[in-house]
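First comes the structure, then the notes that go with it.
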Amino acid sequence: MTDISYKNWASMNDKVLAEHIGAFIKHHRMEQNKTQDMLANAAGISRSTLSLLERGETVTLATLIQVLRVLDQLYIMDVFSVEQTLSPLALAKIEKEKRTRARGKKEETKNENDW
C-alpha cells in the first residue's frame, strides 16, 4: 500500500481519499498477481475503468464493489455496520426500572382446617 499512514481521514480532500482507495485496489491486485485485464474481466468492467479506479479517478460505487468482490476484499464493508445504541436518557430509564431488591415468596396463610 502507501507508505503514509493517515490518522485524520476527515482532513483529507476527496481526491486524496480516492487515490488512497485506488492504491488499496492496486496493491491487492498486484499481491494476487493479476493483471488489470484479468481483474477487469473477472469484475465485468473495462480495463480502462479499472485503471481509472487505481489512479483515484471517479468510478461508480457498483464498480468499486465488483472489484472488491473479485479481490476478496469485501470484509472492509464491516466498517459500515450500524449498531443500535441507547440514548443516555433511555439507558437511565432502564436502570431506574431495574429491581434493586429481591423479595421472597409470600407464605400462604394457613387455615386452621389444614391441621
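The values are calculated or read from the model by the stated rules, or taken from the named source; none is laboratory data. Computed from a prediction, not measured in an experiment: that's the story for all the values here. When we count neighbours, we look across all protein chains shown, and the Cβ atoms used for this are built from the backbone with ideal geometry, even at glycine.
Below is a table of values for the structure above.
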{"item": "Positions within the stretch 64-83 being more than 15 Å from His20 (Cβ to Cβ) and within 14 Å of the chain's Cα centre (by Cα), in sequence order", "result": "Ile65, Leu74, Tyr75, Met77, Asp78, Phe80, Ser81, Val82, Glu83"}
{"item": "Matching option when the condition is modelled with pLDDT of 85 or more, exposed (fewer than 10 other Cβ atoms within 10 Å of the Cβ), acidic (Asp, Glu) and assigned to a loop (DSSP other than H, G, I, E, B), among Asp72, Asp78", "result": "Asp72"}
{"item": "Selection status of Gly44, touching a residue at least 12 places away in the same chain (Cβ under 8 Å) and on the phi > 0 side of the Ramachandran plot", "result": "yes"}
{"item": "Of residues in the stretch 36-54 being in contact with a helix residue (DSSP H, G or I) (Cβ under 8 Å, 6 or more places away or on another chain) and exposed (fewer than 14 other Cβ atoms within 10 Å of the Cβ), the one nearest to Leu74 (Cα to Cα)", "result": "Gly44"}
{"item": "Residue within the stretch 29-42 that is at pLDDT 95 or above and under 20 Å from the mean Cα position of the chain (by Cα) present", "result": "no"}
{"item": "Helices (runs of 4 or more DSSP H) completely within the stretch 9-69 that count 3 or more residues being among the small types (Gly, Ala, Ser)", "result": "14-31, 36-43"}
{"item": "Residue list for the stretch 81-91, restricted to those being exposed (fewer than 11 other Cβ atoms within 10 Å of the Cβ) and among the hydrophobic types (A, V, I, L, M, F, W, C)", "result": "Val82, Leu86, Leu89, Ala90"}
